[in-house]
1. Based on alpha-carbon positions alone, could you give the equivalent ellipsoid semi-axes of the chain from the gyration tensor, as √(5λ), descending, whole Å?
2. For the residues 20, 82, what sequence is obtained by ranking on other C-beta atoms within 10 Å, fewest first?
3. Of the lysine pairs in region 27-122, how many meet both conditions: Cα atoms under 13 Å apart, and a spacing of 8 or more in sequence or different chains?
4. Which is farthest toward the positive dipole end of region 1-88 among 15, 86, 61, measuring Cα position about the Cα centre, with Cβ charges +1 (Lys, Arg) and -1 (Asp, Glu)?
5. Once phi is turned into θ = phi - 60°, what whole-Hz ³J(HN,Hα) does the Karplus curve with 6.51, -1.76 and 1.60 give for every residue of region 45-61, x standing for Gly and Pro?
6. Can you show me the helix-derived [θ] at 222 nm for the chain, built from DSSP H runs with n ≥ 4 at -39,500 (n - 2.57) apiece and divided by the number of residues, rounded to the nearest 500.
7. For residue 118, what residues show an amide H to amide H distance below 5 Å, using hydrogens built from the backbone and excluding near sequence neighbours?
8. When 51, 97, 2 are ordered from fewest to most other Cβ atoms inside 10 Å of their Cβ, what list results?
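Where a number appears in this text, it was derived from the coordinates with a stated rule and is not lab data. It should be emphasised that the depicted structure is a prediction, and the values quoted were computed from it without experimental measurement. Cβ coordinates were reconstructed from backbone atoms using ideal geometry, including for glycine residues, and neighbour counts include every protein chain displayed.
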Amino acid sequence: MDKIIVTAAGISTIVWIIWFFLFSKKEAFKASMTSGVQEVMIKVKGGYTPDLIVAKAGKPLRLRFTREEESSCTEMVVFGAFNKSAKLPPYQEVIVDLLPEKPGEYEFSCQMGMIRGKLVVEE
């Protein structure tokens, strides 16, 4: 009986993990407009919050990162499509300015690519 319970719990956990990482919908955060610049504040702690950002094409975008941990994995953020990266010192705000010119989906991540976020640029 114990083996059945442990096996069922293991299968349930695997199904939940697959659903959470592959099929659960993430809530998009729309960049707010301030003085002609789109702005988003992003908390970095075990991941990016928010990790799905929606912005308008052709308007400057200012991302304000605050890293609330000292883990070495999150010490840098990389925007490959924009050829831009920034060091994120712990407990300090770092501003990353981008100009998303074309609509599309652009990923950003830590330097190892393990922690990820996505920027969705719309018309």
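1. 33, 18, 12
2. 20, 82
3. Total qualifying Lys-Lys pairs in region 27-122 comes to 4.
4. Toward the positive end, the furthest listed residue is 61.
5. Each residue's phi maps through the Karplus curve to give 7, x, x, 9, 10, x, 10, 10, 10, 10, 9, 8, 5, x, 10, x, 10 Hz.
6. After summing the helix terms and dividing by the residues of the chain, the value is -4500 deg cm²/dmol.
7. Correct list: 52, 53, 108.
8. Fewest-to-most ranking of 51, 97, 2: 2, 97, 51.
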